[in-house]
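Here's the structure we're looking at; comments come further down.
What follows draws every value from the coordinates through simple rules; no lab data is involved. Here the structure is a predicted model, which is why all the values come from computation and not from measurement. As a convention, Cβ positions derive from the backbone with ideal geometry for all residues, glycine included, and neighbour counts pool all protein chains shown.
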Amino acid sequence: MIRDRRLLTQIEALAVHAVLVSLAGTRDDEEHRNDFVRAATRDEQVEYRFQGRLGFGGKFHWDGHEARVGFYREDATALREAIVDCANARLARLFGSPRPASDPYRLLAASAAAMRETSEALAALEAVLLARRSPDRTERPAAGILKAAEARVRASRDALDAAALRAREAVSVPTDKGA
């Protein structure tokens, strides 16, 4: 059976906007909220660019049946993946789809791995910074090595933030007040 496509109601659009604000970091001012509600309730198919923590490619999609969040795949980071996963799980719950259960052991293992990688990345960065202070110029690492170490720390921090976000969402309890 093919379901008819439908428009989002204003209340649903406001609830979606609340999810985008709380998880994806979209702006939460009256003008932006009203613009989103207008765009989201106008058509049975909606693609709304909200940006936020997902960068320029952060989009909300409504196909008349299902709501989801996405972004440009070339801008993927561990944190952005976690934001999308958590936002889509919350949207599925909002629209009555069953929310897949999160495995607490998998979440704990991911958190531990992210903490270990962050610790190793910080140690590598510290070694590079100490070597740069060396009085013997022949032992100083190139600027590229420092940039690589800094990038590793940023990526590991994203992974740690992603693990924390997924764990927080896994234990969140829905309320009568919505998402």
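Overview of values
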{"quantity": "Added length on full extension, which subtracts the Cα-Cα distance from 0.36 nm per residue, residue 44 to residue 113", "calculated": "20.6 nm"}
{"quantity": "Distance in nm between pseudo-label sites at residue 61 and residue 32 (7 Å out along the Cβ direction from Cα)", "calculated": "2.3 nm"}
{"quantity": "Rg over Rh, two decimals, segment 10-94 (C-alpha only, Kirkwood Rh)", "calculated": "0.93"}
{"quantity": "Other-chain or far-sequence residues with amide H under 5 Å of residue 72's (modelled H)", "calculated": "57, 58"}
